[in-house]
Amino acid sequence: MSMPAAEVVRFTSDLIRIDTSNYGPDQDGPGERDAAEYVAAALAEVGLEPELYESASRRTTVVARWEPAGVDASLPPLLLHGHTDVVPTGDEAHWTYPPFSAEIVDDMLYGRGAADMKGSLAAMIVAAEEYVKANPNHKGTIALLITSDEEAAAKDGTVRVVETLMARGEKITYCMVGEPSSSKTLGDVVKNGRRGSITGNLYIQGIQGHVAYPH
Ligand code: ZN
């Protein structure tokens, strides 16, 4: 395995071992704070200045940017975007390998969030680090936005950061989201945009009843 690939596996494994289960709105997200601090420390080491945002419910987001002196305004800033939280595991007895152990069996890494999306988070971070190291004279801005609170109500992650950036008048030109999107093999699909979400209220008129035998 080449050095960056081994580094991605190591980084992914470390992130999987931090339990960042998202138990829904208004729940404390202490694991997300730990993951954010871990990520921020790694980014700071290579000169991507991290800022941490924490919501009232202790959900933590990292924004890190590499902005060289004399930045060339004709080069659009590139943002790499991901989230640290994961869907709760359900009954751990049903897992073949413990969800937070990051076991590698037959060259496959197993653990909650290996696919969605600690693997790609690690890949983006290592890629940014490698690029900055190899291209110290690059005159464009590279930024990482690593949110919490994506898997449940998603109100204290990206939303809070967007509010902060809007208040500062900062705009994002290009954004790459590392969510898993492959169909059959890794990297076979790159999607322009994402499915988004829509929320509505459904009102049904009629007489309220009760069905005693749901089957
Ligand atoms: Zn995801």
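Structure above, values below:
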quantity: Backbone HN-Hα couplings from phi across segment 113-121 [Karplus 6.51/-1.76/1.60, Hz, Gly and Pro as x]; calculated: x, 4, 8, 10, 9, 5, x, 6, 4
quantity: Extent along principal axes [Cα atoms of segment 1-110; Å; largest to smallest]; calculated: 55, 42, 22
quantity: Over segment 51-171: Kirkwood hydrodynamic radius from C-alpha pairwise inverse distances, Å; calculated: 16.4
quantity: Ranking of 182, 197, 120 by count of other Cβ atoms within 10 Å, fewest first; calculated: 197, 182, 120
quantity: Projected-area average for the chain over all orientations - Cα convex hull basis, square nanometres; calculated: 17.2
quantity: Tensor-based shape of segment 1-62 (alpha-carbon gyration tensor, a/c under 1.5 rounded, otherwise prolate or oblate); calculated: oblate
quantity: Förster radius 30 Å - calculated FRET efficiency between residue 49 and residue 10 (Cβ-Cβ, nearest 0.05); calculated: 0.85
quantity: Given the chain, longest segment not containing exposed loop trypsin sites (Lys or Arg not before Pro) (DSSP; at most 10 other Cβ within 10 Å); calculated: 1-170
quantity: Order of 23, 203, 110 under a 10 Å beta carbon neighbour criterion, fewest first; calculated: 203, 23, 110
quantity: Antiparallel bridge percentage (DSSP; both residues within the chain; nearest 5); calculated: 55
quantity: Acute angle (nearest 10 degrees) that the helix 3-16 long axis makes with the longest principal axis of the chain, alpha-carbon atoms; calculated: 40
quantity: Expected 222 nm ellipticity per residue - DSSP helices of 4 or more, -39500 (n - 2.57), all of the chain, to 500; calculated: -8500 deg cm²/dmol
quantity: On Cα atoms only, tilt of 30-45 relative to the major axis of the chain in degrees; calculated: 10
quantity: Residue of 47, 70, 82 that the Gaussian network model of the chain assigns the largest fluctuation, springs spanning Cα pairs under 10 Å; calculated: 70
quantity: Segment 154-178 and segment 1-58: distance between their alpha carbon centers, rounded to Å; calculated: 18
quantity: Nearest-20 debye value, the chain charge dipole, Cβ charges on Lys, Arg, Asp, Glu; calculated: 700
quantity: Choice from 53, 38, 174 with maximal GNM fluctuation in the chain (Cα, 10 Å cutoff); calculated: 174
quantity: Long-range amide H partners of residue 176 with built H, under 5 Å; calculated: 79, 80, 81
quantity: Model label zone, residue 159; criterion: amide N under 16 Å from point 7 Å along Cα-to-beta-carbon; scope segment 54-70; calculated: 54-61
quantity: Å³ per residue enclosed by the Cα convex hull of segment 60-115; calculated: 140
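Every number in this text was worked out from the coordinates using simple rules, so none of it is lab data. Quick caveat, the model's predicted, so the values are computed rather than measured. Because the Cβ atoms are built from the backbone with ideal geometry, glycine has one as well, and the counts that use them run over all protein chains shown.
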